[in-house]
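J.: Here's a structure for you.
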Amino acid sequence: MGSAAELAAAALMILGFPALMLAALVPSAPAFAAAAAVTYLADHYLHRKSSYLINRLSKVRAGVSIRFLIRQLLLILLLARMSHADDLIFYGAIACFIAFYGLQAPHGALVTLIRNRRRMPVATRNIDLKSRIRIPDAPPRRLLHRSAEKMLHLDLFAVIGILVSAVVDPDVVGFVGIGLTVGLGCLYVAVLLPYVRGKKVPPKADVVLASVDDWLGVYKPETVLYFSGSRDSAYQVNMWLETMEQLDTRPLIILRERAILNNLAPTTVPVVCVPGGVHLMNMDLSNVRVALYAANVGKNIHLLRVPTMKHVFIGHGDSDKLASVNPYSKVYDEVWTAGRAGRDRYAIADVGVRDDDIVEVGRPQLAPIQSWQGVPDGRIPTVLYAPTWEGWDGNPGNTSIVLAGENIVNKLVQADPPVRVLYKPHPFTGTVSKEAGAAHRRITALVEKAAAERAGDPRFTADTAAQAKATADLARIEARIAELTGTGGDRGDEAEATREGMVDVHKHEEIARLRAEWNDAYWRSFPAYEHRVIKGAQPRLYDCFNVSDAMVSDISSVVSDFIASGKPYAVTDSAELGVEEFKRQNTAVRAAVILSNSAAELGGLLDAVGDPSTDPLAQERGELKRYLLGPDEPKSIDQFNTAVADLALKAEARNVGQESRLGAVGADPAELTNAVPGQRGASAGETDGVSAG
């Protein structure tokens, strides 16, 4: 519901309106002025904080316009109660507020029109449209940012002037305030007018789409990463960006939602965001031979319909969850898995995916994960607790956080010999289940309490000078990253972002180097024994892997990825299937310490960390790693590039064969325009979007 300060501001604002009414009825102009000031300031604070409570007030018909209108009506009531009903200022106030609200309609219409016209039919990154079309500068941010609130607050001049006139009688002050309110309102509307016509309006959709097609015709993308999803699912495409940058073919990323584009991590790969399905189906993708899909979503059909390219499901993780054997996967030409385990899952699930259509390519994203060499001398072991989220179906086996999370953390923070605990929950935790959200908050409190207690324990000493230097390094690095990325400044609207969206490769490389430095400084900025709750995107999960000596998690791709490190790990059987059944159903736990919800078995994991030579599961983990993730050689990125090249050859062979068959029967490709879905033509032998190949 918001912070304590936001709740206090909301309470003051809500209580302020009854106080306004009481002051108007008494009547008391000073009391009215004080209550009005409270409501103005509280309202402004909540808007500045983008408070969730503001949205809730709108849902119960107490939106910002209503709140301002009520305050103005109560001011009219105050004037009447103070015997000004026959005075000119009374009628002036009424006329002012009617005119002022009359200005709200054109103001709101202009703001909406400007925003709609600034919204591109296709938004891009790393694509040079600047040389092809004219995209004008956006209006100054101060004109559009929180524009409704700014317009409504112009009534302050009239309210102050009328209150002064009500007390000291001369109407001139009130009419000056009225003039300022109405005049500034008209000026605000007039300043917006030029941005809805002429050279200040971006080109129409057909012009933008044609320029994108021109660029596609020159660039000729060969491999596409396609993604659609909610804002929170951006991580699913972000995990593939570095792999796309390392492809041997010309890559392109196609997104379907603006929210995903706004949350896309920095990349050097050209990006096209195409919200409209018709626009996507009319784009010239005739040179694309391989399309990669990171998620099974309905909008995939808009690209799957194109026969001139081969379609591959690559997913966004490799685990024993049902999502890894989704029957929808059979719509793709191939399904790429990390290792043999993925192939076997489909065979066991029998959902229609043929074994011949499965290709093992490893996991290119796992390259940053370091192998375990044991706990470094002089440092206590670190155990990462990284539970997954509760899922959509309410299955108790989805996550350990509700039934086992507190038991796990309690045993870890009380372990003897001591260990450090890192708690990094899934970003979706608590979005579906209130119980999961509550458990997460309790676990966070447990970790933070244990950290505070350890800080006062004389057995643990810290190098405060080194930490201070690391903290200073963090501030320096963050400031430089902010400078390079534009954080804290006006980054422009969608049209400007498209116009200026060409990546600076040197800057991109510097940011990557700085992020690596930031990660190193982060871990040095607090003691190596300090328990920690890891919030947000940074440090990344793999960075947490590299500083940990063991992990506790649930059935998810996190477990499969952690296995790449060779470190001991434990998985919680939250559904209480029993050890043998749990291992039978879940390949990734075959070399794990299996925990019940009581976490009584956690000692086995801690023993393996304390003395690796006595670890009974070490050999099994090595074998399981090869089974789940494939061999270490050739490197996964090389396997991936080989798979892309092989499939591109299949796509090309299919297109050549189709062209030969059409030629053999003497068919006119133009007659097949509406028979076979394709892309609108760019190359010889294609007509009106249908490939003759």
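The values are calculated or read from the model by the stated rules, or taken from the named source; none is laboratory data. Quantities reported herein were computed from a predicted structural model and do not represent experimental measurements. Heads up, the Cβs are rebuilt from the backbone with ideal geometry, glycines too, and the neighbour counts pull from every protein chain shown.
J.: For residues that are β-branched (V, I, T) and more than 21 Å from F640 (Cα to Cα), tally how many sit in the range 282-303.
T.: Total satisfying the criteria: 2.
J.: Another question, then. In the range 431-456, which residue that is out of contact with any Phe, Trp or Tyr (no Cβ under 8 Å at 6 or more places or on another chain) and not in a helix (DSSP H, G or I) is farthest from G378 (Cα to Cα)?
T.: Looking at residues that are out of contact with any Phe, Trp or Tyr (no Cβ under 8 Å at 6 or more places or on another chain) and not in a helix (DSSP H, G or I), I get S433.
J.: Filter the range 133-170 for residues that are surrounded by 14 or more Cβ atoms within 10 Å (Cβ to Cβ) and touching an Asp or Glu at 6+ places or on another chain (Cβ under 6 Å); which is modelled with the highest pLDDT?
T.: S165
J.: Taking A643, is it at pLDDT 95 or above, small (G, A, S) and crowded, with 19+ Cβ neighbours inside 10 Å?
T.: So A643 passes the test.
J.: For the range 176-192, which residues satisfy the criterion of being in contact (Cβ under 8 Å) with a residue 40 or more places away in the chain and within 14 Å of A158 (Cβ to Cβ)?
T.: I178, T181, V182, G185, C186
J.: Would you check if V351 is in contact with a Pro (Cβ under 9 Å, 6 or more places away or on another chain), surrounded by fewer than 20 Cβ atoms within 10 Å (Cβ to Cβ) and either in contact (Cβ under 8 Å) with a residue 24 or more places away in the chain or of a type outside the set (D, E, K, R) (or both)?
T.: yes
J.: Taking the range 42-56 as the search range and keeping residues that are of a type outside the set (D, E, K, R) and in contact (Cβ under 8 Å) with a residue 24 or more places away in the chain, which one is surrounded by the most Cβ atoms within 10 Å (Cβ to Cβ)?
T.: Step by step, filter the range 42-56, then rank; the result is L46.
J.: With respect to K424, is the statement that it is touching a Cys at 6+ places or on another chain (Cβ under 6 Å) and either in contact (Cβ under 8 Å) with a residue 40 or more places away in the chain or more than 30 Å from M551 (Cβ to Cβ) (or both) true?
T.: yes
J.: Of the residues V191, V208, only one is among the hydrophobic types (A, V, I, L, M, F, W, C), over 30 Å from V297 (Cβ atoms) and not assigned by TED's automatic domain parsing to the domain that holds F313; which?
T.: So the residue among V191, V208 that is among the hydrophobic types (A, V, I, L, M, F, W, C), over 30 Å from V297 (Cβ atoms) and not assigned by TED's automatic domain parsing to the domain that holds F313 is V191.
J.: Hey, another quick one. Just one of A521, A482, A497, A470 is part of a helix (DSSP H, G or I), touching a Ser or Thr at 6+ places or on another chain (Cβ under 6 Å) and of a type in the set (G, A, S); which is it?
T.: A470
J.: Read through the list (1) closer than 30 Å to T267 by Cα; (2) more than 31 Å from the chain's Cα centre (by Cα), then give the number of the only condition that L129 fails.
T.: All conditions pass for L129, except number (2).
J.: Does S556 qualify as being out of contact with any Cys (no Cβ under 6 Å at 6 or more places or on another chain), closer than 21 Å to P376 by Cβ and hydroxyl-bearing (S, T, Y)?
T.: no
J.: From the list E453, E435, E448, E496, which residue is out of contact with any Leu (no Cβ under 8 Å at 6 or more places or on another chain), under 25 Å from W518 (Cβ atoms) and among the acidic types (D, E)?
T.: Just a single option satisfies the conditions, and that option is E448.
J.: Another one. Just to be sure I understand the filter: pairs with C-beta atoms under 6 Å, separated by 6 or more residues or on different chains, first member in the range 465-482 and over 13 Å from I511 (Cα atoms), second member surrounded by 12 or more Cβ atoms within 10 Å (Cβ to Cβ) and charged (D, E, K, R). Which pairs pass?
T.: Between residues of the range 465-482 that are over 13 Å from I511 (Cα atoms) and residues that are surrounded by 12 or more Cβ atoms within 10 Å (Cβ to Cβ) and charged (D, E, K, R), the close pairs are A470/R524.
J.: Is it fair to say Y346 is out of contact with any Leu (no Cβ under 9 Å at 6 or more places or on another chain), of a type in the set (S, T, Y) and not assigned by TED's automatic domain parsing to the domain that holds E435?
T.: yes
J.: Anything in the range 516-529 that is buried (at least 18 other Cβ atoms within 10 Å of the Cβ) and either modelled with pLDDT under 90 or in contact with a strand residue (DSSP E or B) (Cβ under 8 Å, 6 or more places away or on another chain) (or both)? List them, or say none.
T.: The one that is buried (at least 18 other Cβ atoms within 10 Å of the Cβ) and either modelled with pLDDT under 90 or in contact with a strand residue (DSSP E or B) (Cβ under 8 Å, 6 or more places away or on another chain) (or both): Y529.
J.: Say whether the condition of being surrounded by 14 or more Cβ atoms within 10 Å (Cβ to Cβ), touching a Pro at 6+ places or on another chain (Cβ under 9 Å) and part of a helix (DSSP H, G or I) is met by at least one residue in the range 414-424.
T.: Within the range 414-424, none of the residues are surrounded by 14 or more Cβ atoms within 10 Å (Cβ to Cβ), touching a Pro at 6+ places or on another chain (Cβ under 9 Å) and part of a helix (DSSP H, G or I).
J.: Next up: Given the criteria within 24 Å of S556 (Cα to Cα), surrounded by fewer than 21 Cβ atoms within 10 Å (Cβ to Cβ) and at pLDDT 95 or above, does R442 qualify?
T.: Against the criterion (within 24 Å of S556 (Cα to Cα), surrounded by fewer than 21 Cβ atoms within 10 Å (Cβ to Cβ) and at pLDDT 95 or above), R442 qualifies.
J.: Quick test for you: out of R499, R476, R480, pick the one residue that is crowded, with 18+ Cβ neighbours inside 10 Å, at negative phi and not acidic (D, E).
T.: When all the criteria are applied, what remains is R499.
J.: Please state which one of D318, D284 is part of a loop (DSSP other than H, G, I, E, B), touching a Gly at 6+ places or on another chain (Cβ under 7 Å), over 26 Å from V207 (Cα atoms) and not aliphatic (A, V, I, L, M).
T.: Sole residue among the options that is part of a loop (DSSP other than H, G, I, E, B), touching a Gly at 6+ places or on another chain (Cβ under 7 Å), over 26 Å from V207 (Cα atoms) and not aliphatic (A, V, I, L, M): D318.
J.: Quick check: anything in the range 507-515 at pLDDT 90 or above, over 22 Å from the mean Cα position of the chain (by Cα) and within 24 Å of A450 (Cα to Cα)?
T.: No, the range 507-515 has no match at all.
J.: Separate question: Given the conditions (1) in contact (Cβ under 8 Å) with a residue 40 or more places away in the chain; (2) crowded, with 16+ Cβ neighbours inside 10 Å; (3) closer than 28 Å to H107 by Cα, and given that V173 satisfies all but one, which numbered condition is not satisfied?
T.: Here V173 clears every test but (1).
J.: Given (1) touching a helix residue (DSSP H, G or I) at 6+ places or on another chain (Cβ under 7 Å); (2) under 30 Å from A643 (Cβ atoms), where does P387 come up short, assuming only one miss?
T.: Result: P387 passes all but (2).
J.: Being within 21 Å of G342 (Cα to Cα) and more than 33 Å from the chain's Cα centre (by Cα) is the filter; apply it to the range 555-581 and report the residue that is surrounded by the fewest Cβ atoms within 10 Å (Cβ to Cβ).
T.: Checking each candidate, the answer is E580.
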